[in-house]
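Comments concern the structure below.
The values are calculated or read from the model by the stated rules, or taken from the named source; none is laboratory data. In this text the structure is predicted, and so the values were computed from the model without any measurement. When we count neighbours, we look across all protein chains shown, and the Cβ atoms used for this are built from the backbone with ideal geometry, even at glycine.
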């Protein structure tokens with residue numbers, strides 16, 4: 001009786017080349033998305049700052065504001081591309097607007113919010129250290145409104161620290 005010849009098992013095929021290819025494609029896609037997002041952020045932020053240079057904006061007291069001796073408080077004039085209102089000067093409002101636009105874009109607005117339809121209300125008057133809070137409500141392109149809590153903290157040398165968080 002003849003014994004059948006042993007059946008050779010086929011060697012396992014390696015998928016290393018396929019895995020490396022997929023990883024490279026994913027990395028390239030991530031780089032493209034980050035690059036496009038960075039460009040869009042830069043374009044949105046620079047358009048929000050058009051008309052005002054936050055690094056050289058004066059910190060002066062304008063009519064209709066009660067700034068007292070609190071640094072950072074200033075005019076509430078309407079600079080194109082930046083919402084008007086609140087207690088911040090044009091430069092600090094421009095910086096805050098850049099942060100609010102970024103927050104809105106990451107929070108579901110598919111296009112940059114409009115400065116003209118943004119409402120600013122002071123929620124906390126300046127305290128002894130000069131810190132005050134405002135609520136900025138932006139209208140997204142789908143007409144939804146998103147509130148953001150903006151905190152202004154005067155620092156040394158006339159600078160103002162701006163922090164933005166989702167509001168109520």
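Which condition number does residue 69 fail, the rest of (1) surrounded by fewer than 20 Cβ atoms within 10 Å (Cβ to Cβ); (2) modelled with pLDDT of 55 or more being met?
Unmet for residue 69, out of (1) surrounded by fewer than 20 Cβ atoms within 10 Å (Cβ to Cβ); (2) modelled with pLDDT of 55 or more: (2).
Rundown of residues vs (1) without any contact (Cβ under 8 Å) to a residue 24 or more places away in the chain; (2) within 17 Å of residue 117 (Cα to Cα); (3) part of a strand (DSSP E or B), yes/no style:
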| site | (1), (2), (3) |
| --- | --- |
| 128 | yes, no, no |
| 137 | no, yes, yes |
| 147 | yes, yes, yes |
| 152 | no, no, yes |
| 162 | no, no, yes |
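For the stretch 77-126, which residues satisfy the criterion of being touching a strand residue (DSSP E or B) at 6+ places or on another chain (Cβ under 6 Å), in a helix (DSSP H, G or I) and over 17 Å from residue 145 (Cβ atoms)?
Those that are touching a strand residue (DSSP E or B) at 6+ places or on another chain (Cβ under 6 Å), in a helix (DSSP H, G or I) and over 17 Å from residue 145 (Cβ atoms): 92, 95, 96, 99.
Filtering the stretch 95-110 down to residues that are touching a helix residue (DSSP H, G or I) at 6+ places or on another chain (Cβ under 8 Å) and over 10 Å from residue 162 (Cβ atoms), which residue is surrounded by the most Cβ atoms within 10 Å (Cβ to Cβ)? Explain how you work it out, then say what you get.
Going residue by residue through the stretch 95-110, those that are touching a helix residue (DSSP H, G or I) at 6+ places or on another chain (Cβ under 8 Å) are 97-98, 101-102, 105.
Retained after the next criterion (residues that are over 10 Å from residue 162 (Cβ atoms)): 101-102, 105.
Details: 101: 23, 102: 16, 105: 18.
Going through the qualifying residues, I end up with 101.
Quick one: in the stretch 135-168, which of the residues that are more than 16 Å from residue 104 (Cα to Cα), out of contact with any helix residue (DSSP H, G or I) (no Cβ under 7 Å at 6 or more places or on another chain) and modelled with pLDDT of 90 or more is surrounded by the most Cβ atoms within 10 Å (Cβ to Cβ)?
Per the stated criteria, the residue is 154.
Can you name the number of the only condition in (1) closer than 28 Å to residue 34 by Cβ; (2) surrounded by 14 or more Cβ atoms within 10 Å (Cβ to Cβ); (3) at pLDDT 90 or above that residue 113 fails?
Condition (3) is where residue 113 drops out.
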